Amino acid sequence: MTDILFITELFEKLGVTLHSLTEELQTDTPMGKFALQMLGSVAEHERRQTTQNVRLGMQRRNRLGKWNSGNQVLGYRWASHSVNRHLSHVEIIPDEARLVQYIFKWYASGLGLRAIANCLNKDGHQTKRGKMFQSVSVKGILTNVNYIGKVAYTDSTTPEHKIIVEGEHEPIISINLWKQVQQQLALRFRPPTRRIAHTFLLTGLLKCPTCGSSMVAAHVSRKRKSGARSVSHYYICGRYNSGGHSACLPHHIPADQVEDWVSKHVQRFLSQPNVAERLAIKLNHKRDKKMEPFLKQMKEVKTQIDSLQKRSLRCYELFEDGHINSQELKLKLGRIQSETALLEQQRQELEQKIVEEPEQPIPLNSIHRVLADFKPVLQNATPNQQKALFRSMLAKVILPTDGDITQMIIQGSEALLNMEIPNK
Ligand SMILES: [Zn+2]
């Protein structure tokens, strides 16, 4: 409705009359305008009705327990019938169904989510989307009511939102096994008792030496002989963390050590005088490259002006030596003058362009100043600010395969012109 009104108004402003092709309406008459508005509201009403019908249809399907998961559920295949959709149905894929049964049995027998993902990946199994299994995908299977022949759907009109009804499809998992697994899930789920008081400064920056994926935070909590608990913080490979040993190696490294090491090297690097110079050269080189064509043109114009000046001097010599008369001299000088005037104009235009260029050369001492500020800023920053600073300065930190942090490669970000920060 609003669209159609907006369009007619716009057309009116532009002095165009809209002829509705189907209804042959003259929108410039009051009657035509009214009719068009009516059409607009009818169209709007129809559109609203259709979406409402689709939603009602889906809800009806849901209430009847019709399959609503497409081809996303391991163990089932949605066989859609292109001509008669009433003939579409869901069927069990025996191999996949057996796998699902194993997953439930493994969990019920005490295996963890990651261990199950690991087993599945090791045997070359993949999720329905062709990905490696992860803890979350295993958990998704263990909590999917489709496996006990039910269908879940969301209904925003009810307080619970999620509604589970009896489905039309065959179950894969027995109610007994399902109940065991749900109990275990509830028992084994430990809500994080307290927040880990460590900010992992290098999350997202530190890369696994084997697979290149980002390393993630992990911690190990130990009970000392004295009874006190001690928590150690580590980074481990993100792929290993979710996919287990068959996905990658853990590559544990102590968080404090690696963070101190990177922080120390970044600070040292920034305080080196030649770093500011390198930054200045690189930054200004970038600008110069952009200005290069203008500067080149400028040089050419100047040479031309110089040569014109030389020519006018020669003309005087010719006149003094009696080779040309005063009339010829005047003519030649006149030509030289008008050529020079043109070139002078060009020179002024180029000068203007160079002066007006927003990227002016950056003075070395201001780069020095910025870098000198970095060390105190980094040292006084809160852990979260430090993390943000690292993220702005570093592109990535690559751990060597032997885990020797002194051999890590620290790659500066674009802000540091991708310079590598030496690890010595
Ligand atoms: Zn890895």
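The values are calculated or read from the model by the stated rules, or taken from the named source; none is laboratory data. These figures come from a predicted structure and were not determined experimentally. Glycine also receives a Cβ, built like all others from the backbone with ideal geometry; neighbour counts cover every protein chain displayed.
From the list L202, L249, the one residue that fits, being under 21 Å from I405 (Cβ atoms) and either buried (at least 17 other Cβ atoms within 10 Å of the Cβ) or free of Cβ contacts under 8 Å to residues at least 24 places away in the same chain (or both), is L202. Scanning the stretch 268-280 for residues being in a helix (DSSP H, G or I) and either surrounded by fewer than 16 Cβ atoms within 10 Å (Cβ to Cβ) or within 16 Å of the ligand (Cβ to nearest atom) (or both) gives a total of 6.
Take S135 and decide whether it is in contact with a Leu (Cβ under 6 Å, 6 or more places away or on another chain) and either surrounded by fewer than 19 Cβ atoms within 10 Å (Cβ to Cβ) or free of Cβ contacts under 8 Å to residues at least 40 places away in the same chain (or both). Step through it out loud before you land on a result.
Numbers: in contact with a Leu (Cβ under 6 Å, 6 or more places away or on another chain): yes; either surrounded by fewer than 19 Cβ atoms within 10 Å (Cβ to Cβ) or free of Cβ contacts under 8 Å to residues at least 40 places away in the same chain (or both): yes.
The answer is yes for S135.
Going through (1) farther than 30 Å from V138 by Cα; (2) touching a Cys at 6+ places or on another chain (Cβ under 6 Å) one by one, R239 falls short only on (1).
Collect the residues in the stretch 393-424 that are charged (D, E, K, R), free of Cβ contacts under 8 Å to residues at least 40 places away in the same chain and under 13 Å from V266 (Cα atoms), keeping them in residue-number order.
Matches in the stretch 393-424: E420, K424.
Taking the stretch 155-204 as the region of interest, how many residues are farther than 25 Å from V73 by Cα and either within 16 Å of the ligand (Cβ to nearest atom) or modelled with pLDDT under 80 (or both)? Adding up the residues that qualify gives 14.
Of the set (1) outside any loop (DSSP other than H, G, I, E, B); (2) surrounded by fewer than 16 Cβ atoms within 10 Å (Cβ to Cβ), all apply to N121 but (2). On inspection, K105 fails the criterion of being under 34 Å from the mean Cα position of the chain (by Cα) and of a type in the set (K, R). Of the set (1) within 16 Å of the ligand (Cβ to nearest atom); (2) on the phi > 0 side of the Ramachandran plot; (3) not hydrophobic (A, V, I, L, M, F, W, C), all apply to K207 but (2). In the set L389, L333, L417, L399, only one residue is surrounded by 14 or more Cβ atoms within 10 Å (Cβ to Cβ) and closer than 24 Å to L308 by Cα; that residue is L333. Within the option set Y153, Y102, Y147, being in a helix (DSSP H, G or I), under 16 Å from H169 (Cα atoms) and out of contact with any His (no Cβ under 9 Å at 6 or more places or on another chain) holds for one residue only, Y147. Can you find a residue that is surrounded by 14 or more Cβ atoms within 10 Å (Cβ to Cβ), away from the ligand (no atom under 15 Å from the Cβ) and more than 28 Å from R347 (Cα to Cα) anywhere in the stretch 221-242? There is at least one residue in the stretch 221-242 that is surrounded by 14 or more Cβ atoms within 10 Å (Cβ to Cβ), away from the ligand (no atom under 15 Å from the Cβ) and more than 28 Å from R347 (Cα to Cα).
Is there a residue being among the hydrophobic types (A, V, I, L, M, F, W, C) and closer than 30 Å to H265 by Cα anywhere in the stretch 347-361? No - not one qualifying residue is present in the stretch 347-361.
Restricting attention to the stretch 243-258, the residues that are in a loop (DSSP other than H, G, I, E, B) and either in contact with a Phe, Trp or Tyr (Cβ under 7 Å, 6 or more places away or on another chain) or away from the ligand (no atom under 12 Å from the Cβ) (or both) total 5.
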